[in-house]
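Read-outs: derived from the displayed coordinates by stated rules, not from any lab. Because the structure is predicted, anything quoted here is derived from the model rather than measured. When we count neighbours, we look across all protein chains shown, and the Cβ atoms used for this are built from the backbone with ideal geometry, even at glycine.
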Amino acid sequence: MSGFRLQQAAIFRLDEIYLYTSNKWGAARAEDYLNGLFNCFQAIADGQVISRPIPAEFSVHGYFYRYKHHYIYWKKLKNGDTGIVTILHERMHQIDRFKDDFF
């Protein structure tokens, strides 16, 4: 099992996702969704899913993977771990939000 690290923006986004989902559909559903995200983080770190490179217009090197209604942006860290940079909803303007979270 490989490791992953949540970067600050990702932690912030997870809190937002939990609060929104909990308020809209209840705490149990919010916990299920977050558990699914964490399972994806581990699958990414273990190389069990196919991720796509971040498009050139983002001007950063990294990858993304879609989980239901969110995109998980990640990169390999110098120590070999997977860094989960941020998690953005499919309706968010990806480039603007990503640049805010990445830099």
Within the chain, longest stretch free of exposed trypsin sites (Lys or Arg not before Pro) [DSSP loop, at most 14 other beta carbons within 10 Å]: 1-67
Estimated distance in nm for a label pair at Tyr18 and Lys78, the labels positioned 7 Å out from Cα along Cα-to-Cβ: 3.0
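Out of the DSSP beta bridges found with both residues in the stretch 4-102, what percent are antiparallel (nearest 5)?
Just about 80 percent of them are antiparallel.
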For Thr21, Thr82, order by how many other beta-carbon atoms lie within 10 Å, fewest first: Thr21, Thr82
Residue order, fewest to most surrounding Cβ atoms within 10 angstrom, among Leu77, Leu34: Leu77, Leu34
J(HN,Hα) series, the stretch 46-57, from Karplus relation 6.51 cos²θ - 1.76 cosθ + 1.60, nearest Hz, glycine and proline x: 7, x, 8, 10, 9, 9, 10, x, 5, x, 4, 5
Long-range HN-HN contacts of Lys76 with modeled amide H, under 5 Å: Gly83
